[in-house]
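What follows is a short report on a single structure.
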Amino acid sequence: MQYLRAYQFAFDHPGWGSNLWCGALCHAIPVIGPFVFLGYQLEILEQTVRDPQSESPHFNFKNFSSYLNRGAFPLLTWSLLSMVLLPLMYMVLNLVIIGGVVIATGSDLTAVGAIASVIIGILVLFFYIGLAMVSLCLLPPTLGAGLSQDLNTGFKIAFGTDFIRRMWREMVLQHLFFSVSGLAIVAIGAVSYTHLT
């Protein structure tokens with residue numbers, strides 16, 4: 001995997017500055033803006049897969065409705081699946097925390113409270129690992145719906161399981177890479193801002 005290409009790719013296009021500004025503008029548009037820019041990203045993905053040597057398409061506001069239609073499928077798929085999976089995970093987390101608090105407050109022994117705190121911390125860590133796994137599991141149906149322009153493809157279990165079976169290692173590695181590099185970029189940006197001000 002070419003990890004740094006994820007950051008370099010955006011600057012390969014001759015009009016990269018205009019594309020980035022258009023992306024920022026899209027994300028400033030309430031509700032539909034992210035749909036539009038995701039549709040544009042799917043066009044880049046499809047063209048890159050078909051011809052890796054070709055130049056990625058330039059963002060064109062004349063294709064606004066086309067981008068919107070294309071981006072609607074994956075975001076709807078992601079939203080529908082998230083509404084089912086994420087509440088269940090947060091419900092489990094809340095039950096764990098409430099149970100730990102009850103154990104800690106219902107005992108006069110400080111050691112029991114400390115042990116309960118450690119257990120809660122471990123369970124919260126597992127919760128966030130589970131949250132990361134959920135986000136990885138949402139990738140195949142979202143990608144499938146976006147490329148096929150069909151919600152049914154996004155909800156096909158066979159497609160999702162086959163994708164995960166073939167790509168789980170790459171998915172985990174890229175998730176870790178972006179988590180660490182993203183934090184580093186935010187930290188660099190914060191330090192630069194404090195020095196400028």
Rounded to whole Hz and in sequence order, give me ³J(HN,Hα) for the range 2-15 from the Karplus expression 6.51 cos²θ - 1.76 cosθ + 1.60, θ = phi - 60°, writing x for Gly and Pro. 9, 4, 5, 4, 4, 8, 6, 4, 4, 9, 6, 6, x, x
With every protein chain kept in place and a 1.4 Å probe, the range 12-71 has an accessible area per residue in Å² of 61 Å²
From DSSP H assignment alone, runs of 4+ in the chain each adding -39500 (n - 2.57), the sum over residues rounded to the nearest 500 puts [θ] at 222 nm at -28500 deg cm²/dmol
Modelled label-to-label distance, Ala28 and Ser179, 7 Å Cα→beta-carbon offset: nm? 3.3 nm
Please report, in debye to the nearest 20, how large the charge dipole of the chain is about its Cα centre when each Lys and Arg carries +1 at its beta carbon and each Asp and Glu carries -1 there. 120 debye
Give me the one-decimal nm value for the distance between modelled label points at Ile97 and Ala10, 7 Å along each residue's Cα-to-Cβ direction. 3.2 nm
From the phi of every residue in the range 27-44, what ³J(HN,Hα) in whole Hz does the Karplus formula 6.51 cos²θ - 1.76 cosθ + 1.60 yield, where θ is phi - 60° and glycine or proline is x? 6, 7, 7, x, 6, 8, x, x, 4, 5, 5, 5, x, 5, 5, 5, 5, 4
What order do Val124, Val191 take when sorted by accessible area (1.4 Å probe), most exposed first? Val191, Val124
Can you tell me what the convex hull of the Cα atoms of the chain projects to on average, as an area in nm²? 15.8 nm²
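The values are calculated or read from the model by the stated rules, or taken from the named source; none is laboratory data. Since the structure is predicted, the reported quantities are computational estimates derived from the model, not experimental observations. For neighbour counting, all protein chains shown are included, and Cβ atoms are generated from backbone atoms with ideal geometry for every residue, glycine included. Note: areas computed on protein heavy atoms with side chains; ligands, DNA, RNA excluded. Shrake-Rupley method; radii C 1.70, N 1.55, O 1.52, S 1.80 Å.
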